[in-house]
Structure formats: C-alpha cells, structure tokens
C-alpha cells in the first residue's frame, strides 16, 4: 500500500522525536521505504531530521539521502562531518555519490574524498565530478560488468563473479577489445548455454547502442526513449567503455526537463519549488509578471487611442475581454503543440512549412466556428453591426494567434532559446496587444462602412 503522510502521523512522529522515543520511531520507519522516509524528513526541521536520520540503518540511509529535496539534503549534510559523509557515500553507486559530493563546497569535497577508504571508488567519483553538468558523463555510473572478447566462457563467468560485487543489478555484460574499446554485448542466456571453452568473440552481439560522454542529458533521454533501453553504455572519444546510464537516471532527467518547461510556460524564469525562500520564488516570477504588466500598459494605450470610437460606440467595450482571452488561449494552444513536437524531436526542418499551414487551417476552422457563434449571440443581445464587427475581428484574431503561436516557438528554437518560453506570458501578452489592435481597426472599418 502506498504511504501517505498525514498531519496526525507527522505530529506523532515529532512528539516521539522530542521525547527521544527511539523504539516508536524505529517501528514506524521499519515499515517504510526510502522515498517515504524522505517525504517525512522533508517536513522536519534540521534538528528533528538529523535525529531521525541517525536511527536509519546505513544502506537505507544512503537511499533516503538521495531522495531528499536538494535544500533539505544540504541542511542535513551540514550537520555531518566529512568522515560521516564519506561513510554514507560508501553505500552509494558512483553516479549518485558524485551528485551528492558535487553539491558540497570544494574544500569539503576534497575532505570527503580523502576519507573514502576505497581508492578506486574515490577516483571514480572524482572523475565523474569533473564532467560538465547535464552531460552523459555526469549521469553515468562507473559500476558495470565487462569482459574481453578473447576470453573463454568459463573465464568470463569467473570474471563476472568478481565484478558483480560492486553492481547491484546486472543489466547486461559489455564486451571490449584489447584496448578496452566497446565492441558489443553478451546476453546471460548465451553465456549460460555456451560451451565453457567457447570464446566470447564467438557468441557476443556486435550491434550495440552507445553515447559519448559529451552527449547532453536530453540527447541521452531521447536515445533511450527511442530505442526502449533500460541501460546505455557510455564511451569516451576513443570509444573506450567508461560507464553506463540506467533508466532511473533518465527518468529523473525527463522529470526535471518537464518541470522546467512547465515553469517556463507559466512564466517562471528559474528552477524553483514550493520549499524555496520567499525572495527566491518572487525573483523567479517577477520578470514575466513585469512583461505582462508592460503588455497591459500597451493594451490600455491602444484602447485609449480609440477612446473617441468607444464614446460613439460604447457597446464595443463589452467584447474587449472576449477578444483578448480568445487570442491568448488560441496562441497558447498552438505554441504548446509546437513545443511538444520540438521536445519529442517529431518536428523536423522539412515539416515546419506544412506545420504552419496546418495550424493556420486549424485556426481558420476554429475561428469560423467561434465567430459564427459569437455573431449569433451578439445579434440577439446587440445590433447586427456590432455582431458583424465582433465576429470578423474574432475570426481575424484567432487566425493570427494560431500563426503567432506556431511561428514564435519555432523562431526561438532556431536561435537556441528555450521555446517553452513562448507558451507562457510572452505569447499571451503579445496576442492581447495585437488582438486589441485588430478589434478596433476592424471596428473602425466596419462601423464606418455600416454608417
């Protein structure tokens, strides 16, 4: 059954921490998994979190540390000595250990690495830290199982037994040549059914997908999604096997990318969450709020420009919110579809032209439907001249918003700007301004004709 943290449960646990009731706390934690315990610790203050964390067994504690929110993990680690952090690192795979150490100040990083007893592990972690963040090198783990092509099956099995001490889950066996260059993979099935004296080069599968250490995390995620991989080997510029990336790391990348795009679409400029400080949250939101405010000011000036027209035909003011809202909604819909296509790599260069035409077609169809409905409504509520003005303006605004919502993210992507920005306040504000302009221009034209 999935764990759900309630206020009553949390209060009882905090009372137990305050009274140092270790027996009750351990009984409660014994039924939970690492992500569940992390949820609890995220809600505690530093002193409570530190006390509870000390009651968790070492292997589970390492998993809990990885599941914590970044801020809470930073607070918790600040209460540990370098040696205590090193002890936690001993129970982690190299990629996870590198992620944790990378969050520490440089002087603390050196102290922690110095306290790690396994020199090979410390060396692996130090290597991973040096890879640029957001690359395959920073995502990969060094723990893997590899064999040489010239080895026999019996020797290969013995070698696997030695190497699997550092690997929790054996996804695949990689085959390398004399220079440690990746040349293929070996399935457990073939390994088991083959003759003990058969050589690996006779039974391995030479066709294997891999990525360079310099590949971006987005490229890795797209690669594994496209080919349905659960593990992906990483090679250096000489094609030497240096690590492997597992699906759990890629899921984290996909989630982070989705969260980032959602925030960009909502007009939040930085990566933040609800646990961040008030000023951090405000700073992330204010830039696009100011953009929206400036757009509102421009919109008000446009309305002011047509003040005399509104004095003569004040009924036109009734439909100003409708024009602005419809333009914004249509623009966001179009840009969201484009951003999704760009994110999934389904929108190629030769498909941009047809995509623009298609979105214009969709805008035309939706515009006709909405304009006919608003014409029928306005004809009953107001006079036929206003109905014609609003329906023609709405049709024009919807078509233009469809084009703008498609064109803007494509242009941003061409200039290496995150196209997710286009689906938020940018397109909405721009469509509000243009929509108001179109509405009053159509109104001036049609009312002049009708008069």
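A few remarks follow.
- Pairs linking a residue in region 71-93 that is in a helix (DSSP H, G or I) to a residue that is loosely packed, with under 15 Cβ neighbours inside 10 Å, with Cβ atoms under 6 Å and 6 or more positions apart or on different chains, are 71/275; 75/46.
- Condition met for residue 182 (in contact with a strand residue (DSSP E or B) (Cβ under 7 Å, 6 or more places away or on another chain), modelled with pLDDT of 90 or more and surrounded by 16 or more Cβ atoms within 10 Å (Cβ to Cβ)): yes
- Among the candidates 124, 90, residue that is in contact with a helix residue (DSSP H, G or I) (Cβ under 8 Å, 6 or more places away or on another chain) and either more than 17 Å from residue 63 (Cα to Cα) or surrounded by 20 or more Cβ atoms within 10 Å (Cβ to Cβ) (or both): 124
- Only one of the numbered conditions (1) buried (at least 20 other Cβ atoms within 10 Å of the Cβ); (2) not assigned by TED's automatic domain parsing to the domain that holds residue 211 is not met by residue 84, and that is (1).
- Unmet requirement for residue 240, which otherwise passes all of (1) surrounded by fewer than 20 Cβ atoms within 10 Å (Cβ to Cβ); (2) closer than 23 Å to residue 90 by Cα; (3) in contact with a strand residue (DSSP E or B) (Cβ under 9 Å, 6 or more places away or on another chain): (2)
- Taking each residue of region 1-25 that is farther than 15 Å from residue 39 by Cα and not assigned by TED's automatic domain parsing to the domain that holds residue 57 and looking for partners that are loosely packed, with under 15 Cβ neighbours inside 10 Å and modelled with pLDDT under 95 with beta-carbon atoms closer than 8 Å, six or more apart or interchain, yields nothing.
- For region 379-397, filtering for residues that are without any contact (Cβ under 8 Å) to a residue 40 or more places away in the chain and either closer than 13 Å to residue 439 by Cβ or not assigned by TED's automatic domain parsing to the domain that holds residue 367 (or both) leaves 2.
- Residue check: residue 186 meets all listed conditions (1) under 22 Å from residue 223 (Cβ atoms); (2) in the same structural domain as residue 215 (by TED's automatic domain parsing); (3) under 32 Å from the mean Cα position of the chain (by Cα) but one, namely (3).
- Considering region 260-279, the residues that are in a helix (DSSP H, G or I) and surrounded by 13 or more Cβ atoms within 10 Å (Cβ to Cβ) include one that is modelled with the lowest pLDDT, namely 265.
- Region 290-303 residues that are under 18 Å from residue 325 (Cβ atoms), paired with ones that are modelled with pLDDT of 85 or more and loosely packed, with under 13 Cβ neighbours inside 10 Å (beta carbon under 9 Å, 6 or more apart): 303/317
- Being in a strand (DSSP E or B) and modelled with pLDDT of 90 or more is a property that residue 220 lacks.
- Test result for residue 59, closer than 24 Å to residue 141 by Cβ, at pLDDT below 90 and touching a strand residue (DSSP E or B) at 6+ places or on another chain (Cβ under 8 Å): no
The values are calculated or read from the model by the stated rules, or taken from the named source; none is laboratory data. Everything numeric in this text was worked out from a predicted model, so none of it was measured. Every residue, glycine among them, receives a Cβ derived from its backbone with ideal geometry; neighbour counts consider all protein chains shown.
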